[in-house]
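See below for the structure under consideration.
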There are 2 protein chains.
Amino acid sequence: MQNLRIPGPTPCPDEVLKSMSRQMINHRGPEFAQILNDVTAKLKQLFQTKNDVFLLTASGTGGLEAAIVNTLSPGDKVLSVSIGAFGERFATIAQQFGAEVIPLRFEWGQASDVDAIRQALKQEPEVKAVLVTHNETSTGVTNDLAKISSVTKEFDKLLLVDAISSLGSIELPVDDWQCDITVTGSQKGWMVPPGLAMVAISDEAWQANAKAKMPRFYWDFAKARSYLEKEQTPWTPAVSIVFALSVSLDMMLKEGLANVIARHARVAKMTRQGIKALGLAIFAEESHASNTVTSIAASDGLDTKKLLKILREEHQIVLGGGQQKLSGKIFRIGHLGWVTEEDIERVLEALAIVLPQAGFGGEKLK
Amino acid sequence: MQNLRIPGPTPCPDEVLKSMSRQMINHRGPEFAQILNDVTAKLKQLFQTKNDVFLLTASGTGGLEAAIVNTLSPGDKVLSVSIGAFGERFATIAQQFGAEVIPLRFEWGQASDVDAIRQALKQEPEVKAVLVTHNETSTGVTNDLAKISSVTKEFDKLLLVDAISSLGSIELPVDDWQCDITVTGSQKGWMVPPGLAMVAISDEAWQANAKAKMPRFYWDFAKARSYLEKEQTPWTPAVSIVFALSVSLDMMLKEGLANVIARHARVAKMTRQGIKALGLAIFAEESHASNTVTSIAASDGLDTKKLLKILREEHQIVLGGGQQKLSGKIFRIGHLGWVTEEDIERVLEALAIVLPQAGFGGEKLK
């Protein structure tokens with residue numbers, strides 16, 4: 001079996017896959033209503049929120065677009081806290097829809113600096129919302145969201161959070177950390193195939209929603225709310241993925257959220273230690289290295305493209321490459337969702353064999 | 001087994017369901033690239049088009065939004081040809097994004113009148129695009145799209161087509177009929193669970209796209225095109241539903257498009273005859289009655305809500321009710337995708353039993 005270790009889609013447990021092959025039902029009938037209510041209640045537990053939670057039939061990026069268009073108006077100033085490719089994407093969406101984006105960029109591989117955020121909010125009193133990536137999948141860095149939230153709320157701004165690759169895997173108590181919009185995606189820590197974005201909306205976000213003038217129809221949270229009152233979604237949902245999510249949420253609740261989070265921390269630590277034992281360096285600032293994806297710097301002659309190809313073709317192990325300006329400079333190991341120490345051991349064993357085949361150590365030989 | 005006879009989601013064949021439980025793969029790897037190329041090529045065959053065809057992870061409604069925002073600018077005039085709830089939806093999306101919508105409404109249950117469309121286009125020379133629903137699911141009416149296309153092209157306007165519940169079931173040669181944007185959804189005639197919208201884009205639509213100023217990111221066709229050149233989708237696609245679509249498209253191609261369309265026509269005719277034999281009337285203007293969904297007028301004391309409830313609870317048959325202003329006034333039988341005469345026979349047999357229990361014939365007794 002292939003060992004799929006990219007930061008999403010993640011492998012799905014057998015029970016989850018089995019539920020995907022369930023026959024269709026009426027998405028406006030009583031049977032689906034019960035599943036939708038149940039899934040929504042379970043998500044609220046794992047989000048640690050009393051906020052409204054909706055399912056959107058979309059990738060995570062659709063959830064980010066929904067966060068923007070439901071809370072902002074063209075011309076609104078937003079502070080974009082960006083530490084990588086997904087931070088840039090969130091900002092670009094806001095810009096496309098007419099927000100005035102004030103970029104606050106940190107070096108890729110670093111977490112954002114909370115004092116710099118405070119400084120930016122002081123300088124730009126008209127900022128309406130702060131956009132932040134909790135876990136930056138492209139660099140393997142987790143921002144200190146609790147602190148970013150504190151400073152955002154000091155200035156009484158909306159906090160829009162890309163939690164696509166963190167929620168359900170890394171601690172993120174949505175209500176305690178006062179996240180106004182929180183977005184995640186089914187194919188990450190949730191152990192479910194891609195096709196659903198899940199979003200939580202705070203009271204403050206609802207107040208913003210009532211005034212927000214960006215055009216919206218498919219993403220309209222007000223429609224999602226009025227349909228959820230009827231135990232439906234506004235548009236035909238990805239029914240099979242809702243079936244699968246129901247099963248995976250039961251698994252997560254059975255394991256217990258604290259245990260799920262501890263398992264991710266344990267597996268991630270083991271990954272970092274194993275990588276360093278192989279003579280490689282973690283690309284991310286280590287104090288903020290992500291517990292869902294580890295980024296590894298290409299050094300000492302390593303050809304990452306060759307590495308990934310040999311791992312895939314000869315060892316049935318699929319890792320991620322670097323994105324955009326990190327292409328060829330890093331590779332990434334996803335360890336979120338359905339993952340144990342054994343999965344990572346297999347990766348580390350294969351790396352020990354393949355690294356020299358992919359040029360690693362070549363610089364020393366020169 | 002439940003006999004799900006709503007106009008989508010439709011039942012999926014066993015092979016399709018089985019493919020849904022396949023384990024995840026890397027959506028940016030060579031294996032998915034091959035599937036994506038293959039599915040795209042097969043869709044082009046069934047769309048009868050050389051146009052670009054893209055998969056969007058969304059419901060059909062997302063596909064409609066994509067059609068609007070990719071071709072229009074705020075302030076653009078569009079002629080909305082509307083014969084029911086989904087025609088209204090298409091117009092509302094255009095309006096939400098700032099188009100000036102000129103509504104041309106026909107009575108629900110009727111097809112649109114081509115002369116009236118010509119008249120409207122004469123009166124409004126600045127119209128940029130015509131929005132039309134090929135098959136109006138809410139009323140069970142199929143518009144004469146070939147003629148609507150002719151008149152639209154007489155005036156050299158863009159033709160944006162909601163073909164969600166027609167394409168793959170009812171004749172619609174996309175290129176011959178000069179459709180500029182054509183939108184369909186996986187959970188209709190395609191026999192696949194919901195979660196994918198499929199769209200075709202003509203050269204003229206691409207020219208409009210280059211100038212279109214409506215804000216877009218998730219739906220951006222230019223991004224879809226540049227990623228498809230790399231054999232990818234811009235955002236993580238609903239991988240399982242692509243697996244399923246690949247299987248169902250093979251089944252459709254094996255049956256042959258002409259045979260698929262003929263089967264739909266045959267089953268629909270049998271449905272209408274059976275309904276009339278029960279003493280009920282078809283709600284739709286019969287010359288334009290749909291071959292994918294039959295709408296039946298509630299008459300003679302019939303309580304449609306009671307009817308649907310008894311059918312569901314006692315006969316495992318799920319039919320659709322009326323939507324919006326047709327609520328309680330009609331009920332609907334979906335016969336698209338994986339459907340045979342036997343499925344409809346079961347429905348008709350059950351109706352013979354349940355109709356009197358739901359009040360039908362009560363008026364005569366008074």
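Would you point out which residue out of A:GLY195, A:GLY189 is in contact with a helix residue (DSSP H, G or I) (Cβ under 6 Å, 6 or more places away or on another chain) and not hydroxyl-bearing (Ser, Thr, Tyr)?
Of A:GLY195, A:GLY189, the one residue that is in contact with a helix residue (DSSP H, G or I) (Cβ under 6 Å, 6 or more places away or on another chain) and not hydroxyl-bearing (Ser, Thr, Tyr) is A:GLY195.
Just give me the residues in region A:191-214 being surrounded by 24 or more Cβ atoms within 10 Å (Cβ to Cβ) and either under 30 Å from A:ASP156 (Cβ atoms) or hydroxyl-bearing (Ser, Thr, Tyr) (or both), in sequence order.
A:ALA197, A:MET198, A:VAL199, A:ALA200, A:ILE201, A:ALA205
Got a sec? Which of B:ALA120, B:ALA66 is touching a Phe, Trp or Tyr at 6+ places or on another chain (Cβ under 6 Å), assigned to a helix (DSSP H, G or I) and in the same structural domain as B:PHE217 (by TED's automatic domain parsing)?
B:ALA66
Going by what's in this entry, would B:LYS42 be described as in a helix (DSSP H, G or I) and either modelled with pLDDT under 95 or more than 7 Å from every other protein chain (Cβ to nearest Cβ) (or both)?
Yes; evaluated as a whole, the condition is true for this residue.
Any residue at all in region B:272-279 that is surrounded by 18 or more Cβ atoms within 10 Å (Cβ to Cβ), among the basic types (Lys, Arg), within 28 Å of A:HIS27 (Cβ to Cβ) and over 21 Å from the mean Cα position of the chain (by Cα)?
No, that holds for no residue.
Kindly provide the set of residues from region A:206-229 that are basic (Lys, Arg) and under 21 Å from B:ILE93 (Cβ atoms), ordered by number.
Within region A:206-229, A:LYS213, A:ARG216, A:LYS223, A:ARG225 meet the criteria.
Pick from region A:228-256 the residues that are outside any helix (DSSP H, G or I) and either among the basic types (Lys, Arg) or without any contact (Cβ under 8 Å) to a residue 40 or more places away in the chain (or both): which of them is farthest from A:ASN51 (Cα to Cα)?
Selected residue: A:GLY256.
Here is a check on your reading of the model: is B:GLY109 crowded, with 19+ Cβ neighbours inside 10 Å, assigned to a loop (DSSP other than H, G, I, E, B) and either in contact (Cβ under 8 Å) with a residue 12 or more places away in the chain or within 14 Å of another protein chain (Cβ to nearest Cβ) (or both)?
Judged against the criteria, B:GLY109 is a match.
Kindly list, by first and then second residue, each pair from a residue in region A:27-42 that is in the same structural domain as A:VAL199 (by TED's automatic domain parsing) to a residue that is surrounded by fewer than 18 Cβ atoms within 10 Å (Cβ to Cβ) and in a loop (DSSP other than H, G, I, E, B), limited to pairs with Cβ atoms under 7 Å and residues at least 6 apart or on different chains.
These pairs meet every condition: A:ALA33/A:GLU231; A:LEU36/A:GLU231; A:ASN37/A:GLU231.
Just need a number here: residues in region B:47-104 that are among the β-branched types (Val, Ile, Thr) and more than 14 Å from chain A (Cβ to nearest Cβ).
7
Answer yes or no: is there a residue in region A:196-216 that is β-branched (Val, Ile, Thr), outside any helix (DSSP H, G or I) and in contact with a strand residue (DSSP E or B) (Cβ under 6 Å, 6 or more places away or on another chain).
yes
Quick one: is A:GLY256 at positive phi and surrounded by fewer than 17 Cβ atoms within 10 Å (Cβ to Cβ)?
Yes.
A:HIS27 passes all but one of (1) part of a helix (DSSP H, G or I); (2) buried (at least 21 other Cβ atoms within 10 Å of the Cβ); which number fails?
Failing condition for A:HIS27: (1).
So, of the residues in region B:32-81 that are hydroxyl-bearing (Ser, Thr, Tyr) and surrounded by fewer than 24 Cβ atoms within 10 Å (Cβ to Cβ), which turns out to be farthest from B:VAL293 (Cα to Cα)?
B:SER73
If you check every pair at least six apart or on different chains, which have Cβ atoms under 8 Å apart with a residue in region B:189-217 that is under 20 Å from B:GLN45 (Cα atoms) and away from chain A (no Cβ under 13 Å) first and a residue that is in a loop (DSSP other than H, G, I, E, B) and hydroxyl-bearing (Ser, Thr, Tyr) second?
Filtered contacts from region B:189-217: B:GLY189/B:THR10; B:GLY189/B:SER165; B:GLY189/B:SER166; B:GLY189/B:SER169; B:GLY189/B:THR292; B:MET198/B:SER186; B:ALA200/B:THR49; B:ALA205/B:THR71.
Taking region B:101-131, which residues are touching a helix residue (DSSP H, G or I) at 6+ places or on another chain (Cβ under 8 Å) and either more than 25 Å from B:THR61 (Cβ to Cβ) or of a type in the set (Asp, Glu) (or both)?
Answer for region B:101-131, where residues must be touching a helix residue (DSSP H, G or I) at 6+ places or on another chain (Cβ under 8 Å) and either more than 25 Å from B:THR61 (Cβ to Cβ) or of a type in the set (Asp, Glu) (or both): B:VAL114, B:ARG118, B:LEU121.
Answer yes or no: is there a residue in region A:303-321 that is farther than 30 Å from A:ALA258 by Cβ and of a type in the set (Gly, Ala, Ser).
So far as region A:303-321 goes, yes, one or more of its residues are farther than 30 Å from A:ALA258 by Cβ and of a type in the set (Gly, Ala, Ser).
Which condition from (1) surrounded by fewer than 14 Cβ atoms within 10 Å (Cβ to Cβ); (2) under 26 Å from the mean Cα position of the chain (by Cα) is the one that B:GLU349 breaks?
Among (1) surrounded by fewer than 14 Cβ atoms within 10 Å (Cβ to Cβ); (2) under 26 Å from the mean Cα position of the chain (by Cα), B:GLU349 violates only (2).
For B:LEU104, indicate whether it is of a type in the set (A, V, I, L, M), in contact (Cβ under 8 Å) with a residue 24 or more places away in the chain and either out of contact with any Lys or Arg (no Cβ under 8 Å at 6 or more places or on another chain) or more than 28 Å from A:PRO74 (Cβ to Cβ) (or both).
yes
So, of the residues in region A:10-24 that are surrounded by fewer than 24 Cβ atoms within 10 Å (Cβ to Cβ) and in contact with a Leu (Cβ under 7 Å, 6 or more places away or on another chain), which turns out to be nearest to the other protein chains (Cβ to nearest Cβ)?
Within region A:10-24, the match that is nearest to the other protein chains (Cβ to nearest Cβ) is A:SER21.
From B:THR340, B:THR292, which residue is under 29 Å from B:LEU145 (Cβ atoms), among the hydroxyl-bearing types (Ser, Thr, Tyr) and surrounded by fewer than 18 Cβ atoms within 10 Å (Cβ to Cβ)?
Answer to the check: B:THR340.
Having 3 or more residues that are in the same structural domain as B:SER165 (by TED's automatic domain parsing) and either closer than 20 Å to B:ALA111 by Cβ or in contact (Cβ under 8 Å) with a residue 60 or more places away in the chain (or both) is the bar; report the strands (runs of 3 or more DSSP E) wholly within region B:262-344 that clear it.
Of the strands (runs of 3 or more DSSP E) lying wholly inside region B:262-344, none has at least 3 residues that are in the same structural domain as B:SER165 (by TED's automatic domain parsing) and either closer than 20 Å to B:ALA111 by Cβ or in contact (Cβ under 8 Å) with a residue 60 or more places away in the chain (or both).
Being outside any loop (DSSP other than H, G, I, E, B), within 11 Å of the chain's Cα centre (by Cα) and farther than 23 Å from B:ALA208 by Cβ is the filter here, so list the residues in region B:127-182 that pass it.
B:ASN135, B:GLU136, B:THR142
If you go through region A:160-173, how many residues are surrounded by fewer than 24 Cβ atoms within 10 Å (Cβ to Cβ) and either within 20 Å of A:GLY87 (Cα to Cα) or within 13 Å of chain B (Cβ to nearest Cβ) (or both)?
Residues flagged as surrounded by fewer than 24 Cβ atoms within 10 Å (Cβ to Cβ) and either within 20 Å of A:GLY87 (Cα to Cα) or within 13 Å of chain B (Cβ to nearest Cβ) (or both) within region A:160-173 amount to 2.
The values are calculated or read from the model by the stated rules, or taken from the named source; none is laboratory data. Values in this document were obtained by computation on a predicted structure and should not be read as measured data. For neighbour counting, all protein chains shown are included, and Cβ atoms are generated from backbone atoms with ideal geometry for every residue, glycine included.
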